[in-house]
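Student: My structure is below; once you've seen it, I'll send some questions.
Please treat every number below as a calculation from the coordinates, not as lab data. All figures in this text were calculated on a predicted structure; none of them were measured in a lab. Don't worry about glycine lacking a Cβ; one is built from the backbone with ideal geometry, like all the others, and counts go over all protein chains shown.
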Amino acid sequence: MPTGDKPPPARLAVWLCWFQGLYFAATGVWPLISIRTFQAVTGKKTDHLVTGSEADHWLVNTVAVLVLACGATFLAAAWRGRPSIEAAVLGVTSALGLAAIDVVYVARRVIAPIYLADAAVEAMIIAAWLASWLGDRRASC
């Protein structure tokens, strides 16, 4: 590929699946491995207050497992080298949902402003998926 050329759209989708898969895997596994360090960065959580046990962060754990499942899906698509339309839809909608939650609940002062950093990453992911889709459409014309 000549210098300055953009990567083919299909390669962008593969790269994006690797990036989003690794990002989701890292952010999903973190609270499962160390709720203490996760809360040190993101703020105290209250989903364990029913039992009072730090081991009972049911909501944090639920979100973590779902984000990990998405991450595994992206990594599988990247490994195959052929991300499907379903992977792209999951990529955009999961990033959009997480970014929306980040922005809304930071604005309501429910979660710490550090979540806006995640919203920024999610926005870049959305933009990259859209660029990949637009590139595919242009390439097929």
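Student: Assigning unit charges at the beta carbon (Lys, Arg +1; Asp, Glu -1) and nothing else, what dipole magnitude in debye, to the nearest 20, does the chain show about its Cα centre? The partial results should precede the final answer.
Tutor: Numbers: 11 positive and 9 negative charges, 53 e Å.
Computed charge dipole of the chain: roughly 260 debye.
Student: Okay, next question. In the chain, once you exclude exposed trypsin sites (Lys or Arg not before Pro) (DSSP loop, at most 13 other Cβ within 10 angstrom), what's the longest stretch remaining?
Tutor: Between the exposed loop sites, the longest stretch runs 45-107.
Student: Could you tell me which of rounded, prolate or oblate describes the chain, using a ≥ b ≥ c as the square roots of the eigenvalues of the alpha-carbon gyration tensor, with rounded for a/c under 1.5 and, failing that, prolate when a/b is larger than b/c and oblate otherwise? Intermediate values should be presented prior to the final figure.
Tutor: Details: a/c = 2.79, a/b = 2.11, b/c = 1.32.
Because a/c hits 1.5 or more and a/b exceeds b/c, the chain counts as prolate.
Student: If r is the Cβ-Cβ distance from Asp47 to Ala107 and R0 is 22 Å, what FRET efficiency results, to the nearest 0.05?
Tutor: Result of the calculation: an efficiency of 0.60.
Student: Does the range 62-104 come out rounded, prolate or oblate by the C-alpha gyration tensor, with a ≥ b ≥ c the root eigenvalues, rounded set by a/c under 1.5 and, if not, prolate when a/b is larger than b/c and oblate if not?
Tutor: Taking the square roots of the gyration eigenvalues as a ≥ b ≥ c, the range 62-104 is oblate.
Student: Choose one answer from Leu68, Leu59, Leu90: the residue with the largest mean-square fluctuation in a GNM of the chain with alpha-carbon springs under 10 Å.
Tutor: Comparing Leu68, Leu59, Leu90 in a Gaussian network model of the chain, the most mobile one is Leu59.
Student: Further, regarding this structure: Using helices alone, what [θ] at 222 nm do you get for the chain, with -39,500 (n - 2.57) per DSSP H run of 4 or more residues, divided over all residues and rounded to the nearest 500?
Tutor: My calculation for the chain gives -25500 deg cm²/dmol from helical runs alone.
Student: Evaluate the relative contact order of the chain (contact order divided by residue number), counting alpha-carbon pairs under 8 angstrom at least 6 apart; express in whole percent.
Tutor: Relative contact order for the chain comes out at 32 percent.
Student: Okay, next question. Quick one: Karplus J couplings for the range 99-111, per residue in order, coefficients 6.51, -1.76, 1.60, θ = phi - 60°, nearest Hz, x for Gly and Pro?
Tutor: Ordered by residue, 3J(HN,Hα) equals 5, 4, 4, 4, 5, 4, 7, 6, 4, 7, 6, 8, 10 Hz.
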